[in-house]
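Q: Handing you a structure now.
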Amino acid sequence: MAETCVFDRILDHANRADPYPLYAELRETPVMRRKDGGYVVSTYREIVALLHDPRISSIRPEPPEGGSPPGDESLPGLPPAFIRRDPPEHDRLRRLAMRHFGPPHSPGRVEGMRRQVGETVTRLIDAFAGRDRVDVVDAFAYPLPVIVICRLLGVPTEDEPRFRAWSEALVETLDPRAGEAVERRRVAAGTELRAYLDELADARLRQPSDDLLSALVTDDAEGRMSREELLSTAALLLVAGHETTVNLIANGMLTLLRHPAELDRLRREPDRVDAVIEELLRYEPPVHMPPVRTALDDIEIAGTTIPKGARITLALAAADRDPGRFPDPDRFDPDREDKEHLGFGGGVHFCFGAPLARLETQLALSELARRLENPRLVADPPPYRQNAALRGPRHLHIEFDGVAPATTVGVAIADGS
Amino acid sequence: MRVVVDLTRCQGYGQCVFAAPDVFTMHGQEALLYDPDPSDEQRARVLRAKAACPVQAIHIDRFAARAAGRGPQVYPDAGDGFKRNGRIVIVGASLAGLRAAMVLRREGFAGSLTLIGDETHEPYDRPPLSKQVLAGQVPVEHTMLPRLAELDAEWLLGQRATGLDLTGKRVRLADGREIGFDRLLIATGVRARPWPNEAEAALDGVYVLRTIEDAIRLRARLAAGTGRVLVIGGGFAGSEVASVCRELDRPVTVAERGPVPLFGALGRVIGAIAGEMQREHGVDLRCDTTVTALEGDAEGRLRAARLSDGATLEVDMAVVALGAVRNVDWLEGAGLAAGVWGVGCDAGCRVFDINGVVTDDIFAAGDIARFPHPSYEYQFLALEHWGNAVAQAEIAAHNMVSDQTRRWAHLALPVFWSSQFGVNIKSVGVPTFADGVVITQGSVAERRFVAAYGYRGRITAAVTFDQAMWLEFYQRLIEQAAPFPPDFAMVGRPAVMEPVPAEVPPRVAVAQGATVVVTGHDPGERRAILVRRPE
Ligand SMILES: Cc1cc2nc3c(=O)[nH]c(=O)nc-3n(C[C@H](O)[C@H](O)[C@H](O)COP(=O)(O)OP(=O)(O)OC[C@H]3O[C@@H](n4cnc5c(N)ncnc54)[C@H](O)[C@@H]3O)c2cc1C
Ligand code: HEM
Ligand code: SF4
């Protein structure tokens, strides 16, 4: 069936660099049935409807007959984290985590990290000095989110390298096509990470500090997380916030280098960074497909009935290029008035870490734009990671003429003060 | 800078709070409160909040954004030159009037535009008055709506319209002036229903809450004292006032004629839950109870209230929250279908004349309008909802400058929100259009749930308590006339899902109490005449 092929071609690594024409083809069948009985939804309105449809479950489906187990972001032996749960359990766990991360109880926490994140960004770019070529992914985008999440959780600086290694091993397996060797690495890394977090939690219980983990272990709120739930949650924050942020920064740099006028404007008007980021989340989103859903009941949508029990893939990146929703969708235009994108998903699973991701990316992109002198792409397109769901460059080599000195100006301006 | 959040769209994602925690705050899990006029040093943060809102509900300094996905909007002139040379007058310079004016300009109306309003302020936003303003979190001057300076229009503020001459196409003002128009928009809204006993209403300590002046007085008195507050009427306004009283740690009694608070809007079943919330927060809630008299001391200060349950309460203040009276007085004798029920119009906002014939050049929008809704058996609805004023004003404005082939119909389902006792209550549809109600998601005990309402086997409304993200789903079910009770397997479904009788107040006939006499014999001369009865 020709229809089935489109989605297989999208999954094919050969098309990773530019899946967008294939998404256009995919959208011709807004709700498409695949050979294996799964469904792919690709138009904006239909996806928004399903993200807010209580007949959709996020609980991990059983692997299809004879298929390989889908990527697993949870740690071995621990209960699934809230990204893979449904209300009311999802809501309870998310609420308990949010108590120490955002409103209503901790509204200032993320903004309070601005300075620290800014310093990390500065330090990473300082290290470019004396070179004329770097890999933005390995030298910058990859380390940044791990450092930030370590700070948030309260992982001591000296443990960061170990943390990073575990994180990489876990992230690798988010790919639906990961093989057995990868799976073994994941289990090993997961076991170590779990033991590490468990010990750290014990330490914070004895001697709390002002980090998120301390807050979670000492929380006396009603319905407090069990230790196992807490470990799952901490691992989720690490995994869900890692490669996604890497991709946004790398996709962002790539897109700006492909649109030099925009890069130039960003350099002159650092305040534009928010508009740039929101447009990036629409135009080159890190998450092309969130974790697969399951229909709890028959669902009629766009003239098709998705039967109870069917697995549903939501092609967020296709929806964000839907001409029925965004005029001239294939144009990168930070000035567009209407940027109601799905880059962070929607509904109850809307990205928990979005404010932190935005903060990191604001500082990262505005500082890269300001400090790199005459940056150029070495290869276009760059090599891409295997993963079609979390899509981004494996490397992003750039050349430049020099690195402007660090000031706190970029940070101050981005702060609006 | 001026900020308006379209709270009918807001789903409580809190992204704005992260970005600008000094401007936006979450009251409980998802009831968003904000400062509508933050200082300029917050500008960068507020712009960031606007960019980050996942449903793009935040408007800054402008208020005429186009509904997403609507096609090309600026149609050419109908050929009569009206768009270039026409004269439009809007009476009522508040939410609906301002919004209509902005949409008219957006749609390319370049003729003369006059707004007449009897309040002296620029247009302001009322919902904060019973929430963050009353609680003292935001000064009352911060409620001004964005931004009349940018709007090319003539403003006649502090001027009351006193009459309408339909044939001569003129609006009469209190000072005797007459303003001519080609097309007119009636957006005079409602006013607070006063305490019926005039002498008692005049006692020092008796308040209503509709305008900025009301809010200033009420806030000052609330901040100054510690004594008991009596709230007369447990509708949305009364409940929000009671909520703020408790937040300020004032003892408060709510007297409600019905069996539960919010009875008139949500019926008995869901109202009972709101009642439990009130009691949990220390409100002395008295249902099936009316206030029979207010008593003053020798200086004319309110001292006590007598209740129908026999009690006499010592009170400092009384807030009269008995609903609204439509501002139709100025239309008396004008020949329009205007009365205590509001101003009748069609779904395109064109006003009916007194005979029930639709006019071409007179339009109505907002709290004043009463219009038929196909989803509710074409019954006429009169809604006192922020979102309705905004949506209907857009339809009215569009139709005022469009020929009949391009008119739009106001078919939006009613959406309402209220923030009380730290809970965000939202509704879609018409909850009183119901014979049954059922909790479909969440937990009543946790005050986080969705209730669906149905009438004769189809869904007609839904109400959420701190579950706004699901509202859209129910909106679609209502639009599709889906069966009631809904019986899906879904997340968060309670163990038992048994519909119970809705117990909504009896539906009052639209124009109950209107006495109309029809005269004449020839079809060409038959006329309806509205007979006024003493209220
Ligand atoms: C305290 C309070 C809290 C609220 N909270 C909520 C809420 O949480 N959610 C929600 O959905 N809605 C809420 N509302 C309702 C919402 O504010 C109204 O639906 C909205 O204001 C309607 O706008 P409007 O322009 O139609 O009418 P109005 O705002 O009533 O404006 C009418 C204007 O016309 C003027 N006018 C009247 N007669 C004349 C005349 N003869 N000549 C000249 N001018 C005249 C009036 O003075 C007034 O300025 C609340 C209202 C109040 C008062
Ligand atoms: C640019 C960076 C990021 C992008 C594009 C992104 C995108 C997303 C998307 C699309 C979802 C929805 C998943 C679904 O619907 O099933 C999601 C969920 C989630 N994200 Fe992010 N994310 C980013 C960064 C982060 C960061 C930095 C963190 C943590 C600090 C984080 C934590 C989470 C969590 C915990 C969830 C699950 C939420 C839930 O199920 O309620 N994300 N993210
Ligand atoms: S939906 Fe928008 S306005 Fe509402 S809380 Fe979220 S970010 Fe703020």
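The values are calculated or read from the model by the stated rules, or taken from the named source; none is laboratory data. Model, not experiment: these values are computed from the prediction. Here the Cβ positions follow ideal geometry from the backbone for every residue, glycine too, while neighbour counts run over all protein chains shown. Accessible surface areas use protein heavy atoms only, side chains included; no ligands, DNA or RNA. Shrake-Rupley method; radii C 1.70, N 1.55, O 1.52, S 1.80 Å.
Q: Residue by residue through the range A:261-272, what is 3J(HN,Hα) from phi via Karplus (6.51 cos²θ - 1.76 cosθ + 1.60, θ = phi - 60°)? Round to whole Hz and write x for glycine and proline.
A: Taking θ as phi minus 60°, the curve returns 5, 5, 4, 4, 5, 5, 4, 7, 10, x, 5, 5 Hz for the range A:261-272.
Q: In percent, how large is the relative contact order of chain A, given Cα pairs closer than 8 Å and 6 or more residues apart?
A: Working: 652 pairs, mean separation 107.0, N = 417.
Normalised by residue count, the contact order of chain A is 26 percent.
Q: Would you mind calculating the relative contact order of the range B:1-61 from Cα pairs under 8 angstrom and at least 6 residues apart, reporting the percent as a whole number? Working shown, then result.
A: On the way: 96 pairs, mean separation 29.9, N = 61.
In percent, rounded to a whole number, it is 49.
Q: Rolling a 1.4 Å sphere over the protein heavy atoms, what is the accessible area per residue of the protein assembly as shown, to the nearest Å²? Display every interim value, and only then the final one.
A: Working: 36820 Å² over 952 residues.
For the protein assembly as shown, the solvent-accessible area averages 39 Å² per residue.
Q: Relative to the compact-globule scaling 2.2 N^0.38 Å, provide the ratio for the alpha-carbon radius of gyration of the range B:307-386. Display every interim value, and only then the final one.
A: Details: Rg = 17.5 Å, N = 80, 2.2 N^0.38 = 11.6 Å.
Output field value: 1.50.
Q: Hey, can you rank B:287-294, B:458-465, B:51-58 by average C-beta count inside 10 Å, highest first?
A: Values: B:287-294: 17.1, B:458-465: 25.4, B:51-58: 21.2.
In decreasing order of mean packing, B:287-294, B:458-465, B:51-58 become B:458-465, B:51-58, B:287-294.
Q: I would also like to ask the following. With both bridge residues required to lie in chain B, what share of the DSSP beta bridges run antiparallel, to the nearest 5%?
A: 70 percent
Q: Determine the alpha carbon to alpha carbon distance for each of A:Lys308/B:Lys426; B:Lys169/B:Lys426; A:Lys35/B:Lys50; B:Lys50/B:Lys426; A:Lys339/B:Lys131 and list only those over 32 Å.
A: On the way: A:Lys308/B:Lys426 30 Å; B:Lys169/B:Lys426 41 Å; A:Lys35/B:Lys50 42 Å; B:Lys50/B:Lys426 22 Å; A:Lys339/B:Lys131 30 Å.
In this structure, B:Lys169/B:Lys426; A:Lys35/B:Lys50 exceed 32 Å between Cα atoms.
Q: Can you tell me the alpha carbon radius of gyration of the range A:259-375 divided by the globular rule-of-thumb value 2.2 N^0.38 Å? Before the final figure, lay out the partial values.
A: On the way: Rg = 17.4 Å, N = 117, 2.2 N^0.38 = 13.4 Å.
Cα-based Rg divided by the globular estimate yields 1.29.
Q: What order, most packed first, do the peptides A:43-54, B:94-105, B:131-142, A:183-194 have when packing is the mean number of other Cβ atoms within 10 Å of each residue? It would help to have the intermediate numbers written out before the result.
A: On the way: A:43-54: 21.9, B:94-105: 26.2, B:131-142: 19.4, A:183-194: 17.8.
Ranking, from highest mean packing down: B:94-105, A:43-54, B:131-142, A:183-194.
Q: What does the charge dipole of chain B about its Cα centre add up to, to the nearest 20 debye, if the Cβ of each Lys and Arg holds +1 and the Cβ of each Asp and Glu holds -1? Write out the running numbers ahead of the final one.
A: Details: 57 positive and 64 negative charges, 184 e Å.
Here the size comes out at about 880 debye.
Q: Using the Cα centre of the range B:422-501 as the reference point, and only Cβ charges (+1 on K/R, -1 on D/E), how large is the resulting charge dipole? Debye, rounded to the nearest 20. Intermediate results must be reported in sequence, preceding the final value.
A: Values: 7 positive and 7 negative charges, 13 e Å.
I would put it at about 60 debye.
Q: Viscosity 1.002 mPa s, temperature 20 °C: give me the Stokes-Einstein translational D for the range A:38-149 in µm²/s, with Rh taken as the Kirkwood radius over C-alpha pairs.
A: Details: Rh = 18.5 Å.
This corresponds to a translational diffusion coefficient of 116 µm²/s.
Q: Assigning unit charges at the beta carbon (Lys, Arg +1; Asp, Glu -1) and nothing else, what dipole magnitude in debye, to the nearest 20, does the protein assembly as shown show about its Cα centre?
A: On the way: 111 positive and 133 negative charges, 162 e Å.
The calculated dipole for the protein assembly as shown is roughly 780 debye.
Q: Once phi is turned into θ = phi - 60°, what whole-Hz ³J(HN,Hα) does the Karplus curve with 6.51, -1.76 and 1.60 give for every residue of the range B:14-28, x standing for Gly and Pro?
A: With the stated coefficients, the range B:14-28 comes to x, 5, 5, 5, 4, 6, 9, x, 7, 10, 10, 9, 9, 9, x Hz.
Q: For the range A:2-415, just say rounded, prolate or oblate: build the C-alpha gyration tensor, square-root its eigenvalues into a ≥ b ≥ c, call rounded for a/c under 1.5, and beyond that prolate if a/b exceeds b/c, oblate if not. It would help to have the intermediate numbers written out before the result.
A: Details: a/c = 1.56, a/b = 1.07, b/c = 1.46.
In terms of gyration-tensor shape, oblate.
Q: Now a separate question. Would you mind telling me the antiparallel percentage of the DSSP bridges in the protein assembly as shown, rounded to 5? Intermediate values should be presented prior to the final figure.
A: Numbers: 87 of 122 bridges.
Bridges in the protein assembly as shown are about 70 percent antiparallel.
Q: Place +1 on the Cβ of every Lys and Arg and -1 on the Cβ of every Asp and Glu in the protein assembly as shown, take the dipole about the Cα centre, and give the residue among B:Val291, B:Gly275, A:Leu230 whose Cα lies farthest towards its positive end.
A: About the Cα centre, the residue reaching furthest to the positive side is B:Val291.
Q: For the range B:198-322, give the share of DSSP beta bridges that are antiparallel, in percent and rounded to the nearest 5; count only bridges with both residues there.
A: On the way: 8 of 22 bridges.
The answer is about 35 percent antiparallel.
Q: What residues have an amide H closer than 5 Å to that of B:Val319, excluding those fewer than 5 places away on the same chain, when H is modeled at 1.01 Å from N in the peptide plane?
A: Excluding prolines and chain starts, which carry no amide H, the hits are B:Tyr207, B:Leu230, B:Val231, B:Ile232.
Q: For a quick check: with amide H placed at 1.01 Å from N, whose amide H comes under 5 Å from B:Arg370's, ignoring anything fewer than 5 positions away on the same chain?
A: B:Val343, B:Gly344, B:Cys345
Q: Run lengths n ≥ 4 of DSSP H only: what is the helix-derived mean residue ellipticity at 222 nm for the protein assembly as shown, with -39500 (n - 2.57) per run over all residues, to the nearest 500?
A: Values: 26 runs with 287 residues, N = 952.
That calculation yields -9000 deg cm²/dmol at 222 nm.
Q: Per residue and in cubic angstrom, what volume does the convex hull of the Cα atoms of the range A:163-304 have? Please list the in-between numbers first.
A: Details: hull volume 31.5 nm³, N = 142.
Each residue corresponds to 222 Å³ of Cα convex hull volume.
Q: So, counting K/R as plus one and D/E as minus one, what does the shell of residues with Cβ under 15 Å around B:Ala382 add up to? List each step's numbers first, then the result.
A: Numbers: positive: B:Arg191, B:Arg193, B:Arg326, B:Arg370, B:Arg507; negative: B:Asp346, B:Asp367, B:Glu384.
Computed value for this residue: +2.
Q: Continuing with this model, one more query. Per-residue mean of other chain beta-carbon atoms within 10 angstrom of the beta-carbon, peptide B:484-494?
A: Details: counts 0, 0, 2, 1, 8, 8, 9, 16, 8, 6, 1.
The mean count of partner-chain Cβ atoms within 10 Å per residue comes to 5.
Q: Grab the alpha carbons of the range B:422-501, take their convex hull, and tell me the volume per residue in Å³. Mind dumping the intermediate values first?
A: Working: hull volume 6.9 nm³, N = 80.
About 86 Å³ per residue, rounded to a whole number.
Q: Moving to a separate point now. With each label point set 7 Å from Cα along the Cα-Cβ vector, what nm distance links A:Glu337 and B:Asp288?
A: 5.5 nm
Q: Quick one: what does P(r) look like for chain B with 10 Å bins over all Cα pairs, in whole %?
A: 4, 17, 27, 28, 18, 5, 1, 0
Q: As an exercise, find the ratio Rg/Rh for the protein assembly as shown from alpha-carbon atoms, using the Kirkwood inverse-distance average for Rh. The partial results should precede the final answer.
A: Values: Rg = 29.9 Å, Rh = 30.3 Å.
With Rh from the inverse mean 1/r over Cα pairs, Rg/Rh is 0.99.
Q: Could I ask something else about it? With only alpha-carbon atoms counted, please give the Rg and Dmax of the range B:71-195, in Å.
A: Here Rg and the maximum Cα pair distance are 16.4, 53 Å.
Q: Across the range A:23-40, in residue order, what do the Karplus-derived ³J(HN,Hα) couplings come to in whole Hz, using 6.51 cos²θ - 1.76 cosθ + 1.60 with θ = phi - 60° and x for Gly and Pro?
A: 4, 4, 5, 4, 5, 4, 10, x, 10, 10, 8, 9, 4, 7, x, x, 10, 10
Q: Further, regarding this structure: Give the value in nm², to one decimal: projected area of the alpha carbon convex hull of the range B:1-61, averaged over all directions.
A: Average projection, Cα convex hull of the range B:1-61: 3.4 nm².
Q: Share of Cα-Cα pairs in the range B:198-322 beyond 16 Å, in percent? Provide the component values of the computation, followed by the final result.
A: Details: 4478 of 7750 pairs.
Of all Cα-Cα pairs in the range B:198-322, 58 percent lie more than 16 Å apart.
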